[in-house]
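Structure first, commentary second.
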Amino acid sequence: MKSKSIFIAGLLMLLPAVSMAQENIQKAFDALKQSKDIKEVSARHSLDKDPDTGMMEGLEDTYDFMIRNSKARHLVDDIRKAFQQDEAQAYNVSSGTHGNSEDYISLAVGNSKKGGVAIGLMQGSKWIYACFLDPEDSLRQHRYAYALEWVDDGDKISGRIVKTYATTQKFRQSRYQSSTITVNGKNIKMSGSGFSSDGGFSWSGFSSEKTSEVWLTEFNTYKNLFLKNPDGTAANNYATQIYKLCKNAKSLEDVEKNMVATEIKRIKANTKDEFIQQLFDMSIERLKK
C-alpha cells in the first residue's frame, strides 16, 4: 500500500510539468493584456467545442496592441524571453523579420477547414511563434500555438499576440490532401495547402493560370463565404484567398477588374479587422497592375 501511494504521488508531481509546457509565454501574454500602460487596438476571441463531448476543437485569442509608454516596453521583451524559456517543450519554433504581404505565417484554428490568424503582415515587423502539443490529447493530434509580432518605430511599439488551438499540421495533411468546392454543378479542386497551416506558409494551392470565368467563379465563392461571417475564424482564410486570386488576375479584362475592385470595397466595409482590411486594400492594388 505504501509503495502504491508513493507511485501515485510521483505521478502527481509530474503532471504540472506536462500541463504547463508554455506557462512562461501564457504568463507574459497575460501581463501585457492586464497592463494599464497598454492600449488595446482590437481583440478577438472564438471557441469551438464538440457538441457531443464538450471537448475543445478550436480556439483563437488575438490581441492587437500599442505601447507608447517607455516604461511598458519591457512587456514585449518579457514575451520574447518567455519564448526562449519554453522553447525546449515546443515541437516547432520559428522567428523572422521584415514582415510583408508576400511572405507571412498563418496559424491554423481548429481543423484544416477553419481559417487562420496572420502573422507577418505588418511592414517591417519582427515575429516569433511556437507550437506545443496538447498534453491532454493522448493521440497527439492537437496543439496550442503562440505568436508575437511587433514593430518598433522608436516612438511606439505596435504589435499582436496570438494563441490558437488546432489539429497539428501533420494530422491535417494526413486527412485533407485536397478539398473540392462545387459551384453551379462544377467541382473546383483546391489543394490542401490552400488552407491554414503552422508556419513556412505560402498560398500555393491554386493554378496561376485561370480563365476569367473560373477566376470570377472562385472570387464570388470566397466573397459569399466571407460575407456569411465576416468576423468569424474563417474570415481571414477567405480574405487571403481573395488576395491570392488578385495577385494572378491576368485573365481578367479591365472592366472585370473594376467590377471586382468595387465588390472588394463593399465587403471590406463588413469587417473591423485591420489585417483583413489591409488584405483587401492590397487586393485592389494588385488588380491595378
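Which ranges mark the helices (runs of 4 or more DSSP H) fully within segment 188-289 that have 3 or more residues being at pLDDT below 85?
Working: elements: 212-228, 235-247, 254-268, 274-287.
The helices (runs of 4 or more DSSP H) meeting that bar are 212-228.
For Leu75, state whether it is hydrophobic (A, V, I, L, M, F, W, C), open to solvent by less than 20 Å² (accessible area, probe 1.4 Å) and closer than 24 Å to Phe275 by Cα.
It is true that Leu75 is hydrophobic (A, V, I, L, M, F, W, C), open to solvent by less than 20 Å² (accessible area, probe 1.4 Å) and closer than 24 Å to Phe275 by Cα.
Given (1) farther than 28 Å from Gln277 by Cα; (2) in contact (Cβ under 8 Å) with a residue 60 or more places away in the chain; (3) open to solvent by less than 10 Å² (accessible area, probe 1.4 Å), where does Tyr146 come up short, assuming only one miss?
So Tyr146 meets the others, but not (1).
Spot the failing condition for Met56; the list is (1) closer than 17 Å to Pro135 by Cβ; (2) open to solvent by 50 Å² or more (accessible area, probe 1.4 Å); (3) more than 20 Å from the chain's Cα centre (by Cα); (4) at pLDDT below 95, and only one is missed.
The failed condition is (3).
Taking the residues in segment 85-115 that are among the hydroxyl-bearing types (Ser, Thr, Tyr) and at pLDDT 90 or above as candidates, determine which candidate is most open to solvent (accessible area, probe 1.4 Å).
Taking segment 85-115 and keeping what is among the hydroxyl-bearing types (Ser, Thr, Tyr), we get 91, 94-95, 97, 101, 104, 106, 112.
Adding the requirement that they be at pLDDT 90 or above leaves 91, 94-95.
On the way: Tyr91: 105, Ser94: 36, Ser95: 80 Å².
Filtering first and then ranking leaves Tyr91.
What are the residue pairs meeting all of these: first residue in segment 124-141, first residue within 21 Å of Gly54 (Cβ to Cβ), second residue open to solvent by less than 30 Å² (accessible area, probe 1.4 Å), Cβ atoms under 7 Å, and 6 or more apart or on different chains?
Leu133/Arg143; Asp134/Arg143; Pro135/Ala21; Gln141/Thr167; Gln141/Thr168
Cβ-Cβ under 6 Å, sequence separation 6+ or interchain: first residue in segment 159-174 and modelled with pLDDT of 85 or more, partner surrounded by 20 or more Cβ atoms within 10 Å (Cβ to Cβ) and in a helix (DSSP H, G or I). Which pairs?
The qualifying pairs are Ile161/Phe29.
Give segment 259-277 a look and list any residue that's more than 21 Å from Ser212 (Cα to Cα), in contact (Cβ under 8 Å) with a residue 12 or more places away in the chain and open to solvent by 70 Å² or more (accessible area, probe 1.4 Å), or say none.
Asn270, Lys272, Glu274
Can you name the residue in segment 45-85 that is assigned to a strand (DSSP E or B) and free of Cβ contacts under 8 Å to residues at least 40 places away in the same chain and is also nearest to Tyr165 (Cα to Cα) among such residues? Walk me through it before giving the result.
Let us first name the residues in segment 45-85 that are assigned to a strand (DSSP E or B), namely 45-49, 56-67.
If we keep only those that are free of Cβ contacts under 8 Å to residues at least 40 places away in the same chain as well, we get 45, 47, 49.
Working: His45: 12, Leu47: 9, Lys49: 11 Å.
Once the filter is applied, the top-ranked residue is Leu47.
The values are calculated or read from the model by the stated rules, or taken from the named source; none is laboratory data. Since we're looking at a predicted model, the values are computed, not measured. Methodologically, a virtual Cβ is constructed for each residue, glycine included, from the backbone with ideal geometry; neighbour enumeration extends over all protein chains shown. Side chains are part of the model used for accessible areas, which takes the heavy atoms of the whole protein and leaves out ligands, DNA and RNA. Shrake-Rupley method; radii C 1.70, N 1.55, O 1.52, S 1.80 Å.
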